[in-house]
Amino acid sequence: MTTFVDRVELHIAAGNGGHGCASVHREKFKPLGGPDGGNGGRGGDVVLTVDQSVTTLLEYHHSPHRKATNGKPGEGGNRSGKDGQDLVLTVPDGTVVLDKRGNVLADLVGHGTTYVAAEGGRGGLGNAALASARRKAPGFALLGEPGRSGDIVLELKTVADVALVGYPSAGKSSLIAVLSAAKPKIADYPFTTLVPNLGVVTAGSTVYTIADVPGLIPGASQGRGLGLEFLRHVERCSVLVHVLDTATLESDRDPLSDLGAIEEELRHYGGLDDRPRIVVLNKVDIPDGKDLADMIRPDLEERGYRVLEVSAVARTGLKELSFALADIVAKARAAKPKEEATRVVIRPKAVDDTGFTVTQEEDGLFRVRGDKPERWVRQTDFNNDEAVGYLADRLSRLGVEEGLMKAGARAGDGVAIGPEDDAVVFDWEPTMMAGAEMLGRRGEDHRFEAPRPAAQRRKDRQAERDEATREYDDFEPF
């Protein structure tokens, strides 16, 4: 059964925003108490966060579809809908987030690092929020926006300072077991290690992590064996340690050819040429292994490698190896630029930035693209004439009609607002009539202006009482 997964494809969907409510306050003696529709709630986000206790992406391998909750719609009585709950997905330290094309979206390193993978939709405004001095009784509300959705790829790249690389059964697992408290699986057959193992080593005042990468073979960078699957785990390491088997029983192998083959695979994989190397000649406790180590050591040193002889079984040469690695790791950490606090950069929009663009396509269709126009279209209920008229007013105030005229659009030309796969297309008229103008000015209710007999009778009686009072005050006795 698979217990370690370091690459998954995740299908995520943020929550949709709740619709706004179109409601009119009603109570005894106040049949038209004004709009009181509440706003819809915001949809929940999909958030990735680093958790040190998580070491694998296995959970998302079994359940790749994840969705946040939707926002609740608004209600009458000025009651806003409840916001959707964010969906927090914990990932291991060192997880890289990519899109379907392989572009890096985020590199999550460090406990608590977060990334919003999909934003929830905004909630729609209720008619109470849309009311104004000129629009006293809106008969519509805005719809909630749909949440973002899509596919992302999660890749785990082990965060370690040192990477042990080499052929299968070279003794990498044995080395990490004696250098640290890690307990990897150790056996005398190839490909014993099927997952990267991490261990913590303390050498003097330096504490560093060491990773045992599954065995590499020629062709690993092209997908042969397990190499391609786990080569990504050496990308973050500061130093590479070539573990060479000086007591191999295979007649067609020797330490020098093993080193050349592994270096060739690292070169094909790319991005590792600047990492310092150390060559560890393992299994020198065996007489034949010690003799072979003495023979090839001068050749390796001529190539510029630092060579150390160790035996994981006899536990010889381990202290020298641990302190040599600690020295390289300390220098690599000191050479890294110090992290500075993120500066807040304010980039004001240009004065002539309209917030939208108008382009004419080959088929003669005019396409309007921009955050505001596209959001307004998504929030419009096209079954409500008053809502459509409100959208026309907003687009006109933004300058969309003027932009269409400058682009050469004429009455009756097709206009699309939004991306190609999700756009609203209509025949453009310079002055859009929504049909709601029959109610008077858009957003007003003619019922407020209609005669109200009971109210008029109360006003007449009050006027009579006021007149009687004035007559009494003006009366002068003889």
Projected area averaged over all directions for the convex hull of the alpha carbon atoms of the stretch 256-383, nm², comes out at 19.3
Please report, in cubic angstrom per residue, the volume enclosed by the convex hull of the alpha-carbon atoms of the stretch 41-105. 115
Can you pull the semi-axes for the stretch 32-188, root of five times each eigenvalue of the Cα gyration tensor, sorted largest first, whole Å? 52, 13, 12
Can you give me the distance in nm between label points at Ala106 and His11, each placed 7 Å from the Cα along the Cα-to-Cβ direction? 2.2
Eigenvalues of the alpha-carbon gyration tensor of the stretch 354-393, times 5 and square-rooted, give semi-axes in Å, largest first, of 22, 13, 8
Counting all Cα-Cα pairs in the stretch 336-427, those more than 24 Å apart amount in percent to 32
Based on the alpha carbon coordinates of the stretch 264-315, what radius of gyration and maximum Cα-Cα distance (Dmax) apply, in Å? 13.3, 38
Under 18 Å Cα to Cα from Lys349, which lysines show up? Leave out anything in the same chain fewer than 8 places away. Lys372
If you look for lysine pairs in the stretch 20-169 that are eight or more places apart or on different chains, how many of them have Cα atoms under 30 Å apart? 13
What does the charge add up to near Pro92, with Lys and Arg as +1, Asp and Glu as -1, over the other residues with Cβ less than 15 Å from its Cβ? -3
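Only the coordinates and a few stated rules stand behind these numbers; no lab work does. The structure displayed is predicted, hence computed values, not measured ones. Cβ coordinates were reconstructed from backbone atoms using ideal geometry, including for glycine residues, and neighbour counts include every protein chain displayed.
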